[in-house]
Structures are given as structure tokens and as C-alpha cells.
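The values are calculated or read from the model by the stated rules, or taken from the named source; none is laboratory data. Computed from a predicted structure; not experimentally measured. Heads up, the Cβs are rebuilt from the backbone with ideal geometry, glycines too, and the neighbour counts pull from every protein chain shown. What goes into the accessible areas is simple: the full protein's heavy atoms, side chains included, and nothing from ligands, DNA or RNA. Shrake-Rupley method; radii C 1.70, N 1.55, O 1.52, S 1.80 Å.
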Amino acid sequence: MAVDSTTSSPLGPPACEKDAKALQFIEDMTKNCDPVQENVLSEILSQNAATEYLQQWNLDGATDRKTFKSKVPVISYDDLLPYVNRIANGDRSPILSSHPISEFLTSSGTSAGERKLMPTIAAEMDRRQKLYSLLMPVMNLYVPGLDKGKGLYFLFIKAEAKTPSGLVARPVLTSYYKSQQFKTRPFDPYNVYTSPNETILCVDAFQSMYSQMLCGLLFREEVLRCGAVFASGLVRAIKFLQLNWQQLAMDVESGNLSNKITDSSIRECVSKILKPNPELAQFIREECCDGNWEGIITRIWPNTKYLDVIVTGAMAQYIPILDYYSGNLPKTCTMYASSECYFGLNLTPMVKPSEVCYTIMPNMGYFEFIPHDPENPVTISRDSPPQLLDLADLELGKEYELVISTYSGLCRYRVGDILQVKGFHNSAPQFKFIRRKNVLLSIDADKTDETELQAAIDNASVLLKEFNTTVVEYTSYGDTKTIPGHYVIYWELLMKDPANGPPENMLAQCCLAMEEALNSVYRQSRVADNSIGPLEIRVVKNGTFEELMDYAISRGASINQYKVPRCVTFTPIMELLDSRVVSAHFSPAAPHWTSERRF
Ligand code: AMP
């Protein structure tokens, strides 16, 4: 559709009238960042003025930033937990939000081993939908013709739980894919997926992946972009193809769906598009049979223009394998979001992963920032509240920790993400995602911190006692060279009686004991999603950790302040560790996990 030049946007010429409106919205929001933020806070505070949470801070009806900042404390999940528990147990009074809590969104961040529960209200879905609606208009500025084909996206739902009072608790994407906004979305030529809704809405990870891959193969020439939410999801999909191409080719050849797919809605919808196609089956076999996976994405889907996956933050570890699979196709990181709140989008999605910046949309919530200087950490206490900055106050090059207040009732909540200002679009800062605080290991959605890793070590150490053996030092590493990736834990052991040390099977049991102690997101990824492989313990020679210290000191570390790093990523250190390995052991079974959760 030709677009009138009067509707052209500073971001670039929109592809259609609808895009012009979306781009104009981005311009309006980013030009008026500060007034929009002021207004959002005022709306949140007036909407939730009568809630128990806000009442206790005696705002007396004030909705301005100054009063809010002086009276309302900055909090973390532990502060929120008593309120969350009451809602989960059925208290329907306006505790955090004056609007009814429609469900809990379960974050991949955990507390006491379980996913954090984020209360949400129905209206938030529209706000999220609004952010989604801005993504393609931006993409269309850079990649023309996306309305001439389809997107192959591997999208999944996960198991839901119910709180004692019957509220649903599920991940935000599960909530979104199951929503009417997604299921009955109007036809948009720029947003046509190869995966029918039914294939996405199946909770069985194998059946969902199988049917989505099959549909992707059937429409292979129409596919213009391939993606998953996070890079790990796309890597997993290619691994799935490696393991299942023979069966997939058989289905394509015969036109009959494998009987491993038992979900009746998938069978019904796939049967409408699956017809015998021996030529395509032959093609799949030829491309997959020799075990060469280099460039497999562009070989099977030759018209793919880019990979739509997040490769920032912990996902950066998957860039090399995606480059290998796709012959270096651009990887677009389109948005930055969380269970608590969707934050913003990338206005220049074709840049290199290292240059990706996200522009927080000021209409999504009220955002504040704690200056982050690792050398001079700010102490946050209720008695001496720090001076938090607004979106409009941030300085180029500086790092900040994100704090949010949302329409659902989170007030000055620390998300835990560290961001750095890399530029501005109009008056809106553009952020590089630096890292999430306290995350040591992450392969997929899992986020394991130092305390959790220590608890896992402690759990496994119990098994070593009867062999008079203790773990004297340890460190860890997220190995993504295997697919799926897995945790590697390096152990230096002290055996009081080496002749009667722990046998091989006991060390394998130690791997499992560690997994049993890790949080539920880790265990779900291991058991239900198969997105993390068995944990590995590599026992290293005695003295290895001392060598590690010598190495660090030779590179300038202070001998007095040296601490064993609990996670390593620096290649020379890993090479040193690997060269000292005396034995390696893998978890012999999957740890325990059920979709039921503790409340
Ligand atoms: P969850 O609440 O489980 O949805 O996880 C949200 C967290 O995932 C965020 O707070 C970030 O730490 C991380 N995350 C989300 N989007 C991105 C992104 N585009 N780049 C890097 N990390 C991200």
C-alpha cells in the first residue's frame, strides 16, 4: 500500500498506513518521555489510591513524583511476598491493585526455589499487545516484503498451576498465547506464522515442536524469517530437526502425521495442510542425512532474511551456533520484556548483537533507575531511601538498575536488570542490556544464583560424607557447546582415605543430588522442556584451584582479596581447569519436577 509522504516517520518511511500510526506512536512517546511518565505515575497512583499497599504510605491522594518518591519504599520480591501470598490464598480485597488480579505470571526468576509470582490485571494484556503491535512496523522499515511470506516461529506454552484460591499461575507468554488477543488476532499480512495456533497451544513440548517443525517444512519456500523468543529456543528447534528429520520426512512423504502426535486438535489442523509430497521428503533427507548442519537454516528455508531471536544478555552465548546454522544471518533482538512489565523495543533491529539497544516505552509503566557503579554500590534501606532517577534524567554511558511501578500494583519494584544508556531516540534513552544481577548460570530460562549453587553443592556433599570426602573448592560453567546446554561443575575433592573414595556411581548420584536442589525453572527445563542437559561434575586434580588463584594473581588480582570465582567464562581459565580434569560424571536421571507448585 502506498503511503502518503505526510505520514512518513523520522524512523523511516512506513510500509503501510497501519505502520505509519505505530511509528507515529513511537515518536510521540519518545518525544514526550517525561510528561508521559508523569502521567503514567499519576494514573497508577489514582487508580490504586485505595489499595492497602498504597494506603499504608500515606500519600493522601497525592499522585506526583515528589511525594511518591519521598514516601514509597523501593522493594524487592521478599517485601512483596506477604501480599502475594494473601492474594494467592484468596484475599480478594484491593491489596496491591484496585482492579481484580486476573492471574499470576510466573517469572523465570525464583524465590526459595519456586518461580516468583507476579500479580497482573486484565488491562495489562492490552498494554502488552500494544507493544507487540509496534514490532513489525519497525521491522518493515529495514526488511521490505515481509508481507509476501510467512514467519517460522517456534512458540511454546508451559504447564499452568493454580493457587489455593483458584487463580491461574503461568508464564507470561503462556498467558499471552492463550489469550483472545493472540488466538483471534485479525489477519495481518505482515504477521503470518507457519505454526497454526493449535500447534503452539499444546503443552506437550515434543508434540508442539514436532508439529511446528513439520509445518515449517511444508511452507519452507514461503518462510521469510525464523525465530523463537530466545536464542536457546531456536537452537533447540534445530537440534530437534537433527534428531527427528527421518520421521518428519516420512510424514511428508506419506501425507500422514506420525502417531506420536496424539493431540487431536493438532492432528485435525495439520491434516488440512499435510499432503503426500515425496519430492519435499527427498529434499529433507538429502539436506539432513550427511550430518552436516552448517547453514541448515538457509538450506531448508532459503528465503529467510533474518533470525528473530533475542541474543542479548545470557543468550549471547548462542550467537556462534546460530551463525553456524544460518550462515551469519542477521539476528534481530526486537523487544525487552519481563513478567512484571513489558519494557520496550529495539528501534534498529538489524544492528549487530553487541550494538543492540532497547528503547523503553514510557507508556508501559513508571520507570526509575538506581545508578549502578560496581565500585560504589548504593545501599538501599528504608531509612535512607536512595535518590532514584527518572527516564528523563539518565546520562549517556552510565549504568543503572531498573525499578518499576506498574498498573498491576508493583510499586518501586527492583527488577534486577542492569542497563547502560547508549544513546537517545528523541528524549527516550536507549539501553544496552548489561546483565541480570546475581545470575551465575543460565542455559535457557533458568537463572541460578550463587546461593542456589552453594545449596546444590551442599546437597551433593551429604552423599560424600560416608566416603570421608569433602568438596574443598568448586566453580561452574554453562556449557552451550552441547545441545541442549548443561551445567558443568568443577570439583576439587579432599579424600581422607583415597583408597576408599567415592565410586563412580556415587559421583553420578552427586550430579543428580545437585539437580534436585536447583530451582524449579531449572528442573522444569530439564524434565518438561528438555532444554537443559544432564548436569556434569568434573573432578579436578588437587591443587588446581591454587593454580587458578596463581593465574588470577599473575593477571593483577589482589592476593588478599582473591575469591574463587563461582562461575568461569574466561577461556584460559577453562582450559586450565579442563587440563586438570581427572574424571567426569553426568546425572544419571532427570530430577524431580511437577507442574504442581508449592504455595
Ligand atoms: P521473565 O520474568 O521470566 O519473563 O524474565 C524477564 C527477564 O529476562 C528480564 O528481566 C531480563 O533479565 C531478561 N530479558 C528479557 N528480555 C531480554 C532481552 N531482550 N535481552 C536480555 N535479557 C532479557
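Residues that are open to solvent by less than 20 Å² (accessible area, probe 1.4 Å), within 16 Å of the ligand (Cβ to nearest atom) and not β-branched (Val, Ile, Thr) within the range 126-141 comprise ARG128, LEU131, LEU134, MET139, listed in sequence order.
For beta carbons closer than 8 Å, sequence separation of 6+ or different chains, a first residue in the range 18-37 that is more than 13 Å from LEU141 (Cβ to Cβ) and a second that is of a type in the set (D, E, K, R) and surrounded by 17 or more Cβ atoms within 10 Å (Cβ to Cβ), the qualifying pairs are ASP34/ASP390; GLN37/ASP390. Each residue in the range 255-266 was checked for being open to solvent by 90 Å² or more (accessible area, probe 1.4 Å) and not polar (S, T, N, Q), and 1 of them qualify. Scoring LYS352 on the criteria (1) within 15 Å of the ligand (Cβ to nearest atom); (2) touching a residue at least 24 places away in the same chain (Cβ under 8 Å) leaves a single failure, condition (2). Do the conditions hold for SER98, that is, is it surrounded by fewer than 17 Cβ atoms within 10 Å (Cβ to Cβ) and within 15 Å of the ligand (Cβ to nearest atom)? When the stated conditions are applied, SER98 does not pass them.
Remark: pairs (first residue in the range 369-392, under 15 Å from VAL415 (Cβ atoms); second residue at pLDDT below 75; Cβ separation under 8 Å; 6+ apart in sequence or on different chains) = ILE370/VAL378; ILE370/ILE380; ILE370/PRO386; HIS372/VAL378; ILE380/PRO386. Note on the range 38-77: among residues that are without any contact (Cβ under 8 Å) to a residue 12 or more places away in the chain and in a loop (DSSP other than H, G, I, E, B), the one that is most open to solvent (accessible area, probe 1.4 Å) is ASP60.
In summary, ARG127 fulfils each of the numbered conditions (1) at pLDDT 95 or above; (2) farther than 30 Å from THR332 by Cα; (3) in contact with a strand residue (DSSP E or B) (Cβ under 9 Å, 6 or more places away or on another chain) with the single exception of condition (2).
Just one of the listed residues (PRO349, PRO353, PRO362, PRO330) is in contact with a Leu (Cβ under 8 Å, 6 or more places away or on another chain) and surrounded by fewer than 22 Cβ atoms within 10 Å (Cβ to Cβ), and it is PRO330.
The C-beta contact set for the range 248-266 (first residue within 13 Å of LEU218 (Cβ to Cβ), second residue of a type in the set (Ser, Thr, Tyr) and assigned to a loop (DSSP other than H, G, I, E, B), distance under 6 angstrom, 6+ apart or interchain) comprises ASP251/SER258. With respect to the conditions (1) among the small types (Gly, Ala, Ser); (2) within 16 Å of the ligand (Cβ to nearest atom); (3) on the phi < 0 side of the Ramachandran plot, SER326 lacks only one, and its number is (2). Would you confirm whether or not the range 15-35 contains a residue that is under 27 Å from LEU81 (Cβ atoms) and in a loop (DSSP other than H, G, I, E, B)? No, the range 15-35 contains no residue that is under 27 Å from LEU81 (Cβ atoms) and in a loop (DSSP other than H, G, I, E, B). Note on the range 101-125: residues that are closer than 23 Å to ASN363 by Cα, open to solvent by 20 Å² or more (accessible area, probe 1.4 Å) and within 12 Å of the ligand (Cβ to nearest atom) amount to 0.
From the list ARG526, ARG597, the one residue that fits, being under 23 Å from LEU441 (Cα atoms) and touching a Gly at 6+ places or on another chain (Cβ under 9 Å), is ARG526.
When only residues in the range 78-95 that are among the small types (Gly, Ala, Ser) and at negative phi count, which is surrounded by the fewest Cβ atoms within 10 Å (Cβ to Cβ)? Of everything passing the filter in the range 78-95, SER93 is surrounded by the fewest Cβ atoms within 10 Å (Cβ to Cβ).
The set of residues from the range 209-231 being touching a Ser or Thr at 6+ places or on another chain (Cβ under 7 Å) and open to solvent by 10 Å² or more (accessible area, probe 1.4 Å) comprises PHE219, LEU224. Regarding TYR318, is this residue surrounded by fewer than 22 Cβ atoms within 10 Å (Cβ to Cβ) and outside any strand (DSSP E or B)? Considered against the rule, which asks whether it is surrounded by fewer than 22 Cβ atoms within 10 Å (Cβ to Cβ) and outside any strand (DSSP E or B), TYR318 comes out as no.
Applying a threshold of 6 Å to beta carbon distances and a minimum spacing of six or more residues, or different chains, the list of pairs starting in the range 117-140 at a residue that is small (Gly, Ala, Ser) and ending at one that is in a strand (DSSP E or B) reads ALA122/SER102. Are any residues in the range 427-446 touching a Gly at 6+ places or on another chain (Cβ under 6 Å) and either touching a residue at least 40 places away in the same chain (Cβ under 8 Å) or away from the ligand (no atom under 16 Å from the Cβ) (or both), and if so, which ones? Correct list: GLN430, PHE433, ARG436, LEU441, ILE443. Scanning the range 403-441 for residues that are of a type outside the set (Lys, Arg), assigned to a loop (DSSP other than H, G, I, E, B) and open to solvent by 20 Å² or more (accessible area, probe 1.4 Å) returns ASN426, SER427, ASN438, VAL439, LEU440. Residues in the range 532-545 that are surrounded by fewer than 17 Cβ atoms within 10 Å (Cβ to Cβ) and either under 23 Å from SER442 (Cβ atoms) or at pLDDT below 95 (or both): there are none.
Scan the range 110-127 and give yes if some residue there is under 19 Å from the mean Cα position of the chain (by Cα) and among the small types (Gly, Ala, Ser), otherwise no. Yes; the residues of the range 110-127 include at least one that is under 19 Å from the mean Cα position of the chain (by Cα) and among the small types (Gly, Ala, Ser).
Within the range 456-465, the presence of at least one residue that is aliphatic (A, V, I, L, M) and in contact with a Ser or Thr (Cβ under 7 Å, 6 or more places away or on another chain) is confirmed. Which pairs have Cβ atoms under 7 Å, sit 6 or more apart or on different chains, and link a residue in the range 298-315 that is open to solvent by less than 20 Å² (accessible area, probe 1.4 Å) to one that is within 7 Å of the ligand (Cβ to nearest atom) and modelled with pLDDT of 95 or more? Listed by first residue and then by second, the contacts come to VAL311/CYS333.
Against the criterion of being open to solvent by 30 Å² or more (accessible area, probe 1.4 Å), more than 16 Å from the ligand (Cβ to nearest atom) and within 20 Å of ILE200 (Cα to Cα), ILE273 qualifies.
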